[in-house]
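Here's the structure, in structure tokens; my notes come after.
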Amino acid sequence: MPLPALRSISAWGLFALPGRERHSESLEAASATAELSRGLGRSYGDSSLPATPESELLCTTLADRILAFDDSSGLLTGEAGLALHEIHRLLMPRGWFAPVTPGTQFVTLGGMVASDIHGKNHHKAGCFGDHVTSLRMRLASGEVVNCGPDERAELFWATVGGMGLTGHILEVTFRMVRIPSPWIYQESRRVPDIESFIAGLKESGPDWPMTMGWIDCVSGGASLGRGILMRGRWAEPAEAPARFPAMPPRLTMPFFFPSWALNPLSVRAFNILYYWKHLAREKRGVVSPWGFFYPLDAIHLWNRMYGRRGFTQYQCVLPEEAGQGAARRFLELLVKLGGASFLCVIKDCGAEGRGLLSFPKPGISIALDLPLRDWTQRVVNELNAFVIAEGGRIYLTKDTLTLPEDFAKMEPRLAAFDAARRQFDPERRLRSHQSERLLEPAPKEMP
Amino acid sequence: MKTAILGASKGMGRALARVRAERGDDLVLLGRDVEELERSAADLRVRSRGAVTVIACDLDAPDGFPAVIEALFAGGARLDNLVITAAHFGTQDELEADPVRARRLLTANLANTIELCERARVALLAQGGGTLCVFSSVAGDRGRKPVGLYGASKAGLSHYLEALDHKWRAAGLITICVKPGFVKTGMTAGLKPPPFAGEPDAVARQVSDALERGTPLLYAPSIWRWVMLVIRHLPRFVMRRISF
């Protein structure tokens, strides 16, 4: 096979690195020389980017077949490049939905496993990996194996959330869930501050399968952490429209915004408008699942909003032990640092993911966009220092700038993950720019 | 409707099979690798209520063609559309460096493809008509530096398909020559996409419409009709200078 051409490869945050990318329908054959598989490139940072310009990546998106679907159990086997939006397009009209979905449906099954993605239902449903029954993988040695919770469980739980570093994921089998209708019954309300926000999430958790909120992260003082709290459940057939909810036409962001378009004033205006757009204190009713789950998918290439220099996302979880005040202190620090963001999303997490490097653990998760500018590294370092002190951690799928020493402090499970890598890839053939940045040199064994 | 597609498990064939599946066609998947065809059949069965079957067919092995035709029309079964998307591809540099590979490409893309069309013609006419839809290429429209040999095979094929349509349309055999411009599939992966590169799904929908209408010549995406109109009229001294 000829070597793919050298080109610039970037993910959703537009941070780009030179490398080579192979596209193939046959993942098993094409992964022979690849250092990493990647899907639709929706992770924000460098987790799907090449370690060096010589690195060859395998893009899985041409391997997009459904290999089996059982209409009685919901068990679906798909090739790693199969995209979630295609699964929904085909199976939602028949009453099935993914057990867990991230905030975009332009992700592949392989990526969903590698990131062990979570969604609005994390407090009830856990991560995607909790619903996966089997993976087919090509290990660094070239061996092709199956693994799952009951078969090669060590490999399986190292791969779930393992950022593609334990082997190439070829096929994924997981269980879809039955939905009573394709529509969502949603309640949303304006919330005046961060304490009411966390209380609102907690109070909604037991009865609502989906909860999340958007916070205005520019207003400080008494309004710190005000925002819109959303909770939803699948609508019953009696309350839902009979028709299938049309996917909205996708508008394309036709060009990169100039970098000055994103300034403290525009960010402030956006946040205030977004808050007051929700005029009624409380709204309830049946809404389209597309707007509910994937509001940003409506704009193709919305990442261009941050200009050519791109952006990163900062997502951390502040554990329950850190207490109620941790989220307030985090937001106070954010307002002080001036790293304000258009979108700041808050969500309470349920049980810790079982994957060795899965992100969620019980507590409050906060995610915000940060444009890549000269000051971004400093802001990330300061936020990380705070998160370390509170016993929290960051989400690798979003990360571009975390320092290795900071990551090691957040991640007591790192030694176990490193041991798994040594077992399944002793020669370290599999790597990404992120793994080179954060996971090398291998951390010392914990005593 | 029943549609058979040679090259159904990859690229344009896969995209077209999915479009036809969602229209409710019964599908016959033809290709070299039966295991791959079965995996594609599983995918299509989730997408369609129509029947999906597979038949092994290798464009490099024309001796197997009679058996393929027999299987397609076995027991007097009717076939509405036979689509051939399969072909070899190689850049001019690759083929100049490897004359054996060049011969294999020219044989499969031209002589063998035409032989399969000829056998299908007889069978389709015998059942009273049908549609034969074959993927040629814009590379056959003009002798261009990067695709001279591949283009030669496609130029010959386009020529044959045009004549076939002229001779047999009145008798009920509709011939469609599809000339895809650059489409982003596994075949073109690794090449730098030019302006107007098409997505396989959009091109597949165009081809599917052409099957309904019996359009004899289809450029896909459509803009390539105008791109090629210009390129066909460029003087030779320009063609010698540009690398396109």
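The values are calculated or read from the model by the stated rules, or taken from the named source; none is laboratory data. Quantities reported herein were computed from a predicted structural model and do not represent experimental measurements. Note that each Cβ is placed from the backbone with ideal geometry, even for glycine, and that neighbours are counted across all protein chains shown. Ligands, DNA and RNA are excluded from the accessible area calculation, which covers all protein heavy atoms including side chains. Shrake-Rupley method; radii C 1.70, N 1.55, O 1.52, S 1.80 Å.
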_To test your reading of the geometry: what angle, between 0 and 90 degrees and rounded to tens, separates the Cα axis of helix B:113-126 from the longest principal axis of chain B?_
40 degrees
_Report for the protein assembly as shown the percent antiparallel among DSSP-assigned beta bridges with both residues inside it, nearest 5._
65 percent
*Once amide H atoms are built 1.01 Å from N in the peptide plane, which residues 5 or more positions from residue A:134, or in another chain, come under 5 Å H to H?*
A:173
_Nonlocal amide H pairs with residue B:53, under 5 Å, H built at 1.01 Å_ = B:27, B:28, B:29
*Restricting attention to the alpha-carbon atoms of chain A, what are Rg (one decimal) and Dmax (integer), both in Å?*
21.0, 62
*Please report the buried accessible area for the interface of A with B, total over both chains, probe 1.4 Å, in Å² to the nearest 100.*
1500 Å²
*Taking a Cβ-Cβ separation under 4.7 Å as the criterion for a possible partner, which cysteines of chain A have none?*
A:59, A:127, A:147, A:316, A:349
_Could you derive backbone 3J(HN,Hα) for the stretch B:161-175 from the dihedral phi with the Karplus parameters 6.51, -1.76 and 1.60 (θ = phi - 60°), listing whole Hz in sequence and x where the residue is Gly or Pro?_
5, 5, 5, 4, 5, 4, 6, 10, 4, 4, 8, x, 8, 8, 10
*Simple label model, 7 Å out from Cα along Cβ direction - residue A:375 to residue B:60, nm*: 6.2 nm
*At a 1.4 Å probe, what is the % contribution of carbon and sulfur to the accessible area of the stretch B:2-241?*
55 percent
*the stretch B:1-126: D in µm²/s via Stokes-Einstein (Kirkwood Rh, Cα pairs, 20 °C, 1.002 mPa s)?*
142 µm²/s
*With N set to the residue count of the stretch B:66-123, report its C-alpha Rg divided by 2.2 N^0.38 Å to two decimal places.*
1.45
*Amide H to amide H, which residues 5 or more places from residue A:96 or on other chains are under 5 Å from it, using H placed in the peptide plane?*
A:179
*Looking only at GluC sites (Glu not before Pro) in DSSP loops with at most 11 other Cβ atoms within 10 Å, what is the longest site-free stretch of chain A?*
A:144-426
*Mind listing P(r) for the stretch A:200-285? All alpha-carbon pairs, 5 Å bins, whole percents.*
2, 10, 13, 15, 18, 17, 12, 8, 4, 1
*How many nm is it between the label spots at residue A:385 and residue A:54, if each spot is 7 Å from the Cα in line with the beta carbon?*
3.9 nm
_For the stretch A:184-407, fraction of C-alpha pairs farther apart than 30 Å, in %_ = 26 percent
*Check each residue of the stretch A:53-75 and keep those whose accessible area, probe 1.4 Å, is at least 30 Å² smaller with all protein chains in place than in the chain alone; give them in order of residue number.*
A:62, A:64, A:65, A:66, A:67
*May I ask you to evaluate 6.51 cos²θ - 1.76 cosθ + 1.60, the Karplus curve with θ = phi - 60°, for each residue of the stretch A:359-369 and list the ³J(HN,Hα) values in order in whole Hz, giving x for glycine and proline?*
6, x, 8, x, x, 10, 9, 10, 10, 9, 7
*Stokes-Einstein diffusion coefficient of the stretch A:269-330, Kirkwood radius over Cα pairs, 20 °C, 1.002 mPa s, in µm²/s*: 137 µm²/s
_Size of the stretch A:1-108 as Cα extents on the principal axes (Å, biggest first)_ = 47, 30, 15
_Roughly how far apart, in whole Å, are the Cα centres of the stretch A:1-68 and the stretch B:152-207?_
29 Å
*For the stretch A:315-420, what is the convex hull (Cα atoms) projected area averaged across all directions, in square nanometres?*
6.5 nm²
*On average, how many beta carbons from a partner chain sit within 10 Å of the beta carbon of a residue in B:39-51?*
4
*Can you tell me the accessible area per residue over the protein assembly as shown, all protein chains present, probe 1.4 angstrom, in square angstrom?*
41 Å²
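So which of B:10/B:192; A:277/A:409; B:167/B:192; A:398/B:192; A:124/B:184; A:347/B:10 end up more than 31 Å apart, counting from Cα to Cα?
Checking Cα-Cα distances, A:277/A:409; B:167/B:192; A:124/B:184; A:347/B:10 exceed 31 Å.
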*the stretch B:88-244: radius of gyration and largest Cα-Cα distance (Dmax), Å*: 16.1, 51
*Give the value in nm², to one decimal: projected area of the alpha carbon convex hull of the stretch A:66-178, averaged over all directions.*
6.6 nm²
*asked:* I need the peptides B:195-201, B:184-190 ranked by packing, meaning the mean over residues of other C-beta atoms within 10 angstrom, with the highest value on top.
replied: B:184-190, B:195-201
*Cα-based Rg of the stretch A:6-59 per 2.2 N^0.38 Å, rounded to two decimals?*
1.04
*asked:* Could you give me D for the stretch A:279-377, from Stokes-Einstein at 20 °C and 1.002 mPa s, where the hydrodynamic radius is the Kirkwood radius over C-alpha pairs? Units µm² s⁻¹, please.
replied: 134 µm²/s
*asked:* Could you tell me how far the Cα centroid of the stretch A:293-367 sits from the Cα centroid of the stretch A:181-215, in Å?
replied: 16 Å
*Which angle from 0 to 90°, rounded to the nearest 10, does the C-alpha axis of helix B:34-47 make with the longest principal axis of chain B?*
70 degrees
